[in-house]
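First the structure, in the form of structure tokens, and then the observations on it.
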Amino acid sequence: MDEITRLARPDIAALQPYSSARTEGEQRMQVFLDANENPFAPYPADAASEGLNRYPEPQPGHLLDRFAAHYSVAREQLLLTRGADEAIDLLVRAFCRAEHDAILVNTPAFAMYAMAAEIQGAAVVAVPLVRTDAGRFDLDVDAILAAAGSRPGVKLVFVCTPNNPTSGLARREDVLGLCDRLLGSALVVADETYVDFSGQPSLARELGAHPNLVVLRTLSKEYSLAGERCGVTIAHPTTVGLLGRILAPYPLTQTAIRAVAAAMSPEGVARARANIDLLLRERAGVEVALATSPGATRIHPSDANFLLVETPDPRLLVRTMEAAGIKVRDRSTVAGIEGCVRISIGTPEQNQRMLEAFEKYASSL
Ligand SMILES: *Cc1c(COP(=O)(O)O)cnc(C)c1O
């Protein structure tokens with residue numbers, strides 16, 4: 001048995017994947033009477049509802065081709081899911097036996113990793129990120145290896161890069177070093193939800209040399225498609241095959257498939273790139289404005305589309321923002337980032353409005 005399958009839950013490795021009407025047999029037919037679908041278009045039967053009466057393709061070939069070209073990987077290395085959140089859940093369910101296995105997270109971490117583990121009955125090992133003098137947060141590689149080694153059941157090490165909520169990238173050599181050292185004992189899951197905001201290349205190009213690396217991407221933030229739910233897992237074909245066994249039969253809706261195809265067209269990618277550039281310019285402007293304000297005692301260096309801001313009175317800041325109709329995320333009670341509030345970068349007008357409320361708060365301190 002190969003070193004990835006050996007890490008998976010034995011019952012999942014032995015499972016026969018569900019075979020749906022849209023994957024079984026010949027699909028080039030004129031009349032489909034095989035899936036108990038309703039032959040009539042749904043109300044209001046306009047262009048937008050065309051085709052919605054049919055089950056969608058489970059893994060649309062044209063999207064796989066597009067992502068394979070975009071990320072420079074093979075189709076067999078790709079799995080499309082209902083957002084990256086579903087991929088996190090699939091990984092935990094495929095690799096962690098309830099009451100036996102564990103995941104490892106680097107805290108403060110995105111909450112979905114621990115949530116998926118708890119639902120599955122897997123343990124969560126937390127290793128704090130180490131804060132550098134420059135306000136960055138680095139992986140504690142030795143502590144991760146020690147924690148993973150002392151618990152034979154750690155099957156997944158989640159590394160979010162850039163990290164939500166601390167906003168900075170992990171050091172590439174740290175992530176790849178973890179892959180090397182954990183080969184045969186755990187998968188290293190690099191959540192790259194925000195990597196296009198960092199200007200750094202994806203770790204996906206390292207997959208050839210690191211079979212236990214799993215890269216998570218999503219259309220939600222970089223392509224403005226949070227409402228359509230599409231995530232892309234890039235991994236060794238064996239890992240993709242294992243996750244495919246437990247994937248819901250039709251993870252992407254017809255509307256999501258259309259929206260993703262448009263977003264990933266050359267024009268769509270160019271638009272996303274332009275929006276990312278605009279957000280980065282806006283982030284720089286917001287940083288400059290906050291840096292001179294007594295309301296911000298520290299702005300953590302960001303490689304993402306949000307800022308983690310340390311402030312003297314986070315509750316008052318959140319209340320002042322709310323009074324101005326603006327929602328920001330209070331992270332002030334999260335261990336390791338006490339006193340911090342997370343602020344997403346919005347449109348120029350939204351940022352202006354946010355900065356005005358921030359100044360109001362700062363002057364009331
Ligand atoms: C937003 C976010 C996700 C969720 O992505 P979806 O594709 O919308 O499910 C995953 N990971 C991190 C770190 C996020 O911030």
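The values are calculated or read from the model by the stated rules, or taken from the named source; none is laboratory data. Not measured: the values here are computed from a predicted model. Here the Cβ is made from the backbone with ideal geometry for all residues, glycine too, and neighbour counts use every protein chain on show. Each accessible area value is taken on the protein alone, full model and side chains, heavy atoms only, with ligands, DNA and RNA left out. Shrake-Rupley method; radii C 1.70, N 1.55, O 1.52, S 1.80 Å.
Summary of computed values
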read-out	value
Peptides ranked, highest mean first, by Cβ atoms within 10 Å: ranges 2-9, 320-327	2-9, 320-327
Surface share of carbon and sulfur [accessible, 1.4 angstrom probe, percent] for the stretch 9-54	56
Positive-end residue of Thr320, Tyr18, Leu169, charge dipole of the chain with Cβ unit charges	Thr320
Dipole magnitude (debye, nearest 20) for the stretch 268-363, charges at Cβ of Lys, Arg, Asp, Glu	240
Spacing of the two label points (7 Å from each Cα toward its C-beta) at Asp140 and Ser364, in nm	3.8
Computed E for Val269/Asp46 - FRET, C-beta separation, R0 30 angstrom, nearest 0.05	0.60
Label-point separation, Ala35 to His70 (7 Å along Cα→Cβ), nm	2.3
Residue-wise HN-Hα coupling along the stretch 189-205, computed from phi with Karplus coefficients 6.51, -1.76, 1.60 (Hz; x: Gly, Pro)	9, 8, 7, 9, 3, 10, 5, 5, 7, 8, x, 9, x, 5, 6, 4, 5
Charge dipole (debye, nearest 20) of the chain; +1 at Cβ of Lys and Arg, -1 at Cβ of Asp and Glu	220
Potential extension, Asp133-Asp330 segment - 0.36 nm per residue separation minus Cα distance	68.6 nm
Selection from Ser49, Val31, Tyr250 lying farthest towards where the dipole of the chain points positive, charges on Cβ	Ser49
Efficiency of FRET from Cβ geometry, Arg28 and Glu118, R₀ 45 Å, rounded to 0.05	0.50
Relative contact order (%) - the stretch 2-264, alpha-carbon pairs under 8 angstrom, separation at least six	24
Tensor-based shape of the chain (alpha-carbon gyration tensor, a/c under 1.5 rounded, otherwise prolate or oblate)	oblate
Fraction of accessible area attributable to carbon and sulfur, the stretch 295-334 (%, probe 1.4 Å)	44
C-alpha center-to-center spacing [the stretch 1-29, the stretch 153-232] in angstrom	24
Efficiency of FRET from Cβ geometry, Gln352 and Arg319, R₀ 25 Å, rounded to 0.05	0.80
Reachable lysines from Lys327, criterion Cα separation under 20 angstrom, eight or more residues apart if same chain	Lys221, Lys360
Percent antiparallel among DSSP beta bridges (both partners in the chain, rounded to 5)	50
Accessible surface, per residue, of the chain when the full set of protein chains is kept, probe 1.4 Å, Å²	46
Span-rule helices in the chain, defined as complete DSSP H runs reaching 18 Å or more along the axis (Cα) with Kyte mean at least -1.0	83-95, 266-291
Assigned charges on the beta-carbon of Lys, Arg, Asp, Glu; the stretch 1-110 dipole about Cα centre (debye)	120
